[in-house]
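Q: My questions will all concern the structure given below.
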Amino acid sequence: MKTARMAAFDFSEIPVLETARLRLRRISPSDCDDWLAVFQSPGAIDWLSDFEQVPRPAEILDIVEWSDAVFAAKTGIRWALTLKPGDRLIGSCGFHEYLPTHHYAEIGYELHSEYWRRGLMSEAVAAVMRFCFDRLSLHRLAADTTEGNAASAALLQKLGFSLEGVLRERVFWRGDHHNLWLFSLLEPEYRGLVEAGLLA
Ligand SMILES: CC(C)(COP(=O)(O)OP(=O)(O)OC[C@H]1O[C@@H](n2cnc3c(N)ncnc32)[C@H](O)[C@@H]1OP(=O)(O)O)[C@@H](O)C(=O)NCCC(=O)NCCS
């Protein structure tokens with residue numbers, strides 16, 4: 001029988017996470033215009049089944065409020081990604097559906113397309129993974145993505161996640177039912193990647 005590990009993080013405040021090029025910080029209502037620009041950037045919502053179309057400004061405020069609500073409920077953190085030395089939001093990432101009893105959470109992310117393919121989201125998600133496994137003592141981190149989202153699948157596989165299944169026709173979006181790909185990474189696998197120097 002295993003001893004349940006306790007999370008070291010108490011959700012008293014959203015921590016700042018630093019990577020080589022990025023600062024991950026709390027999202028505020030003053031980020032709405034920049035976050036809208038992320039969703040408006042070419043290709044950004046092509047695979048996001050949460051959006052039928054580019055969200056309206058009022059809907060961005062709802063998403064900011066959602067990010068506060070998940071933190072208040074202690075079920076997640078969504079960070080603003082800012083490119084140092086600036087403070088402008090160029091994307092977001094974080095975890096949600098955190099279930100401390102099961103040592104489980106899911107991750108999500110999106111980046112302004114002007115910044116794609118520079119390794120920035122790999123850097124950000126690696127920082128979120130470190131937070132989840134070290135501070136929340138997670139055992140399993142999961143991610144799902146619309147079938148065909150090659151960029152998201154490549155990112156997850158680069159970071160060591162395994163494709164473990166297909167949720168058949170899990171979402172109804174843009175007039176049709178779509179499959180979701182389900183990925184996961186377990187804590188021992190994460191430690192192995194860190195020890196092998198395969199994560200930033
Ligand atoms: C998915 C997303 C966050 C990736 O961000 P990014 O900063 O461009 O990713 P990285 O530069 O860190 O790339 C990670 C890996 O994925 C690969 N990759 C990135 N985009 C790719 C694409 N369009 N097709 C194939 N591979 C791709 C990269 O080559 C890299 O692998 P490598 O280092 O072995 O070459 C970005 O494309 C995005 O914001 N997409 C729209 C929102 C979205 O789909 N979010 C996910 C919802 S589940």
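The values are calculated or read from the model by the stated rules, or taken from the named source; none is laboratory data. These numbers come from a predicted model, not from an experiment. Here the Cβ positions follow ideal geometry from the backbone for every residue, glycine too, while neighbour counts run over all protein chains shown. Quick note on the areas: whole protein, heavy atoms, side chains included, nothing else; ligands and nucleic acids left out. Shrake-Rupley method; radii C 1.70, N 1.55, O 1.52, S 1.80 Å.
Q: Ignoring GluC sites (Glu not before Pro) that are buried or in helix or strand per DSSP, and keeping those with at most 14 other beta carbon atoms within 10 Å, what is the longest stretch of the chain between them? Intermediate values should be presented prior to the final figure.
A: Numbers: sites that count: 13, 52.
In short, 53-200.
Q: Evaluate the charge dipole of the range 43-127 about its Cα centre and quote only its size in Debye, nearest 20, assuming +1 on the Cβ of each Lys and Arg and -1 on the Cβ of each Asp and Glu. Can you show the working numbers first?
A: Working: 7 positive and 13 negative charges, 79 e Å.
Once rounded to the nearest 20, the dipole reads 380 debye.
Q: While we're here: When the helices in the chain are scored as -39500 (n - 2.57) per DSSP H run of 4 or longer and the sum is shared across all residues, what 222 nm value do you end up with, to the nearest 500 deg cm²/dmol? Mind dumping the intermediate values first?
A: Numbers: 5 runs with 58 residues, N = 200.
About -9000 deg cm²/dmol.
Q: Give me the one-decimal nm value for the distance between modelled label points at residue 135 and residue 114, 7 Å along each residue's Cα-to-Cβ direction.
A: 2.8 nm
Q: Counting only heavy atoms of the protein chains, get the accessible area per residue of the chain (1.4 Å probe) and round it to a whole Å² value. Provide the component values of the computation, followed by the final result.
A: Values: 10560 Å² over 200 residues.
It amounts to 53 Å² per residue over the chain.
Q: Which residue fluctuates most in the GNM of the chain (Cα springs below 10 Å): 81, 48, 36?
A: Largest GNM mean-square fluctuation: 48.
Q: For the range 117-158, which trypsin sites (Lys or Arg not before Pro) are in a loop by DSSP, counting at most 12 other Cβ atoms within 10 Å?
A: Of the trypsin sites (Lys or Arg not before Pro), the ones in loops of the range 117-158 whose Cβ has at most 12 other Cβ atoms within 10 Å are 117, 118.
Q: For the range 17-195, with the dipole built from +1 on Lys and Arg beta-carbon atoms and -1 on Asp and Glu ones, taken about the Cα centre, which of 32, 127, 181 lies farthest toward the positive end?
A: Of the options given, the answer is 127.
Q: Right, next: Determine the shape class of the chain: with a ≥ b ≥ c the square roots of the Cα gyration tensor eigenvalues, call it rounded for a/c under 1.5, and otherwise prolate if a/b is greater than b/c, oblate otherwise.
A: Working: a/c = 1.42, a/b = 1.19, b/c = 1.19.
It is rounded, given that a/c, with a ≥ b ≥ c, falls under 1.5.
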